[in-house]
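The values are calculated or read from the model by the stated rules, or taken from the named source; none is laboratory data. Keep in mind that what you see is a predicted model, and the values were worked out from it rather than measured. Cβ atoms come from the backbone with ideal geometry, glycine included; neighbour counts cover every protein chain shown. Side chains included, ligands, DNA and RNA excluded: accessible areas come from the protein's heavy atoms. Shrake-Rupley method; radii C 1.70, N 1.55, O 1.52, S 1.80 Å.
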Amino acid sequence: VLRYADGSASYLRYMGFSYAGPIYKKGLKGMKRILYNLPEVIAADVVLFTEGEKKADILTELRLLDSNGNPVAITTTGGADSWRIEHVEHLKGKRVVLLPDTDEPGLRHGAHVQAGLRRFGIEFQLVDFSGHGNDFRDYLTQHGVVELLRFIDCDWLMTAEVRAREEEPIQI
């Protein structure tokens, strides 16, 4: 996904490699969309699901661990209207923590993801950030990583107490 300064984006498809580096062309041209950070999603037992690659990258930098001390995968399908039912293919057998935005498109996106997870019997936990801003980033900048983990309150993630992190708000 190629992101532009105005917030818009376009998909790129990999065409191969040349002496100058990888070659990409705009547009999917029949190629299917995949989950962001797919190799990490496949390897992980716990997956945090956000709305947008930028948000996924913020959580990835936190290097969160599951309750067994293994890395947690952070993924997204793109923006609020990008969920496709075929994405559950890579979420089967995993535990998913949904971190939807609290605006109307984010709530709609979260509802679509939940419906797909329920349909295929995928275990998930929904985290509601309403009253704390638009998304986990607002909560994170006000409270810090330890409090974010406490707020998520999920047995699948390493507890905030075990995860010795500073409680200072971070800059995003």
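Hey, can you tell me all the residues within the stretch 60-77 that are surrounded by 19 or more Cβ atoms within 10 Å (Cβ to Cβ) and in a loop (DSSP other than H, G, I, E, B)?
Correct list: L64, V72, T76, T77.
So which of G116, G121, G78 ends up being free of Cβ contacts under 8 Å to residues at least 40 places away in the same chain and on the phi > 0 side of the Ramachandran plot?
G121
For the stretch 1-41, what are the residues that are among the polar types (S, T, N, Q) and over 18 Å from the mean Cα position of the chain (by Cα)?
S8, S10, S18
Please work out which one of (1) in contact with a strand residue (DSSP E or B) (Cβ under 9 Å, 6 or more places away or on another chain); (2) part of a loop (DSSP other than H, G, I, E, B); (3) open to solvent by 40 Å² or more (accessible area, probe 1.4 Å) is the condition R118 fails and give its number.
(2)
If you check every pair at least six apart or on different chains, which have Cβ atoms under 8 Å apart with a residue in the stretch 92-111 that is closer than 20 Å to L157 by Cα and outside any strand (DSSP E or B) first and a residue that is among the aromatic types (F, W, Y) and open to solvent by 30 Å² or more (accessible area, probe 1.4 Å) second?
K92/F120
What is the residue count in the stretch 3-46 for residues that are outside any loop (DSSP other than H, G, I, E, B), open to solvent by 70 Å² or more (accessible area, probe 1.4 Å) and touching a helix residue (DSSP H, G or I) at 6+ places or on another chain (Cβ under 9 Å)?
Going through the stretch 3-46 one residue at a time, the tally reaches 3.
Given the conditions (1) touching a strand residue (DSSP E or B) at 6+ places or on another chain (Cβ under 6 Å); (2) aliphatic (A, V, I, L, M); (3) open to solvent by 30 Å² or more (accessible area, probe 1.4 Å), report the number of the one that I85 does not fulfil.
The number of the failed condition is (1).
Only residues that are in a loop (DSSP other than H, G, I, E, B) and surrounded by fewer than 16 Cβ atoms within 10 Å (Cβ to Cβ): list them for the stretch 133-144, please.
G133, N134
Filtering the stretch 100-113 down to residues that are surrounded by fewer than 22 Cβ atoms within 10 Å (Cβ to Cβ) and either under 14 Å from the mean Cα position of the chain (by Cα) or charged (D, E, K, R) (or both), which residue is farthest from D138 (Cα to Cα)?
R108
Given the conditions (1) open to solvent by 10 Å² or more (accessible area, probe 1.4 Å); (2) under 18 Å from I152 (Cβ atoms); (3) of a type outside the set (A, V, I, L, M), which single one is not true for F49?
Of the numbered conditions (1) open to solvent by 10 Å² or more (accessible area, probe 1.4 Å); (2) under 18 Å from I152 (Cβ atoms); (3) of a type outside the set (A, V, I, L, M), the odd one out for F49 is (1).
Among the numbered criteria (1) within 18 Å of D101 (Cβ to Cβ); (2) surrounded by 18 or more Cβ atoms within 10 Å (Cβ to Cβ), which single criterion is violated by D57?
Looking at each condition in turn, D57 falls short on (2).
Taking F129 and the conditions (1) modelled with pLDDT of 90 or more; (2) within 12 Å of V46 (Cβ to Cβ); (3) assigned to a loop (DSSP other than H, G, I, E, B), which numbered condition does it fall short on, given that it satisfies the others?
So F129 meets the others, but not (2).
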